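Trainee: Pasting in a structure now, in structure tokens, and then I'll have a few things to ask.
What follows draws every value from the coordinates through simple rules; no lab data is involved. Owing to the predicted nature of the structure, the values given are computational and were not obtained by experimental measurement. Glycine also receives a Cβ, built like all others from the backbone with ideal geometry; neighbour counts cover every protein chain displayed.
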Amino acid sequence: MNPQTAQTDAQILDLLKERWSPRAFADKLIESDKVQSLFEAARWSPSCFNDQPWQFVLSQKDDSEGYDRILRCLLEKNQSWAKTAPLIGIAVARNSFRHNQKPNRHAWYDLGQAMAHLTFQAAAMGLYVHQMAGFSETAARSELAIPDGFDPVSAFTIGYLGSPEALPENQRQGETSPRSRLKAAEFVHQGVWQSK
Ligand SMILES: Cc1cc2nc3c(=O)[nH]c(=O)nc-3n(C[C@H](O)[C@H](O)[C@H](O)COP(=O)(O)O)c2cc1C
């Protein structure tokens with residue numbers, strides 16, 4: 001069995017078990033119909049007031065100028081592996097509602113959920129997603145011309161699985177070590193909050 005397959009305590013979808021966040025991606029562009037399906041999946045995500053506050057700035061490696069512009073926004077540690085991925089992007093949330101311009105305190109939540117939709121659509125198509133907090137918001141704003149009213153929230157890479165050999169030595173082991181999680185009982189509260 002793949003060491004990255006989740007060892008679950010209850011039955012879950014195979015898609016969820018098999019998803020993980022690799023650092024080594026194959027040197028292969030993502031077909032344009034698949035890229036379209038990824039963002040179609042994000043499109044049909046639920047959101048507060050159906051506001052759909054998600055925006056994505058992305059580039060594939062065949063547009064080297066656009067790709068490098070996004071890569072430059074990542075922290076160096078993430079750049080060192082992210083550059084193996086064929087597609088790179090920044091996920092952005094509109095921070096006020098379209099219908100009344102009031103602050104949308106669920107915008108980041110909705111963006112995260114859209115990313116989850118995208119991630120599972122990716123898994124169904126044999127693609128992997130690795131999200132990152134390690135990027136510079138300032139660089140993203142200036143390099144990518146993200147205007148006020150929009151928050152660059154996370155970066156992401158997407159691609160087919162590659163060989164760990166492509167990675168710097170200190171990052172190879174992570175590609176094959178088992179994934180771990182808290183037990184569900186540590187975060188599920190029955191009826192009322194319980195100290196855990
Ligand atoms: C919002 C967010 C930020 C993350 N930031 C980084 C990051 O900056 N660098 C990195 O290598 N991984 C990052 N990750 C990946 C997590 O470390 C990874 O999802 C977690 O260890 C669980 O592993 P799995 O996705 O393979 O199950 C991030 C994931 C998320 C969802």
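Trainee: In nm, what is the difference between 0.36 nm times the number of residues separating Asn170 and Glu40 and their Cα-Cα distance? Before the final figure, lay out the partial values.
Mentor: Numbers: separation 130, 0.36 × 130 = 46.80 nm, distance 3.61 nm.
Gain in length upon complete extension: 43.2 nm.
Trainee: Then there is this: Which of Ala114, Ala145, Ala26 moves the most in a Gaussian network model of the chain with Cα springs under 10 Å?
Mentor: Ala145
Trainee: If you don't mind, there's one more thing I want to ask. Amide H to amide H under 5 Å from Leu87: which residues, 5+ apart in sequence or cross-chain, H placed 1.01 Å off N in plane?
Mentor: Close amide H contacts, sequence-distant or interchain: Ile158.
Trainee: Over the chain, calculate the relative contact order: mean separation of alpha carbon pairs under 8 Å at least 6 apart, over the residue count, as a percent. Could the numbers behind the result be given before it?
Mentor: Values: 325 pairs, mean separation 60.8, N = 196.
Computed over the chain, the figure is 31 percent.
Trainee: Tell me whether segment 116-169 comes out rounded, prolate or oblate; compute the Cα gyration tensor, take square roots of the eigenvalues as a ≥ b ≥ c, and use a/c under 1.5 as the rounded threshold.
Mentor: Details: a/c = 3.33, a/b = 1.57, b/c = 2.12.
Note, shape of segment 116-169 comes out oblate.
Trainee: If each DSSP helix of 4+ residues adds -39,500 (n - 2.57) and the sum is divided by the residues in the chain, what number results at 222 nm, nearest 500 deg cm²/dmol? Don't skip to the answer; put the middle values down first.
Mentor: Numbers: 7 runs with 62 residues, N = 196.
Rounded to the nearest 500, it is -9000 deg cm²/dmol.
Trainee: Using θ = phi - 60° and the Karplus relation 6.51 cos²θ - 1.76 cosθ + 1.60, list the HN-Hα couplings for segment 93-103 in order, rounded to whole Hz, with x at every Gly or Pro.
Mentor: Result, rounded to whole Hz: 10, 6, 8, 9, 6, 5, 7, 9, 6, 7, x.
Trainee: How big is the Rg/Rh ratio for segment 22-164, C-alpha atoms only, Rh by Kirkwood, two decimals?
Mentor: Here Rg/Rh amounts to 0.97.
Trainee: Given the C-alpha centroids of segment 36-73 and segment 126-170, what is the distance between them in whole angstrom?
Mentor: Distance between centres, Cα-based: 11 Å.
Trainee: Still on this structure, please answer the following. Charges only on Cβ, +1 for Lys and Arg, -1 for Asp and Glu: so what's the dipole of the chain about the Cα centre, in debye to the nearest 20?
Mentor: For this selection, approximately 540 debye.
Trainee: Now for a different question. Tell me which chymotrypsin sites (Phe, Trp or Tyr not before Pro) from segment 8-67 have a DSSP coil assignment and no more than 13 other beta carbons within 10 Å of their own.
Mentor: Values: sites: Trp20, Phe25, Phe39, Trp44, Phe49, Trp54, Phe56, Tyr67; in loops: Trp20, Trp44.
Answer in residue order: Trp44.
Trainee: Moving on to the next point. List the lysines whose Cα lies under 29 Å from the Cα of Lys196, skipping any in the same chain that are fewer than 8 positions away.
Mentor: Straight-line reach from Lys196, under 29 Å: Lys17, Lys183.
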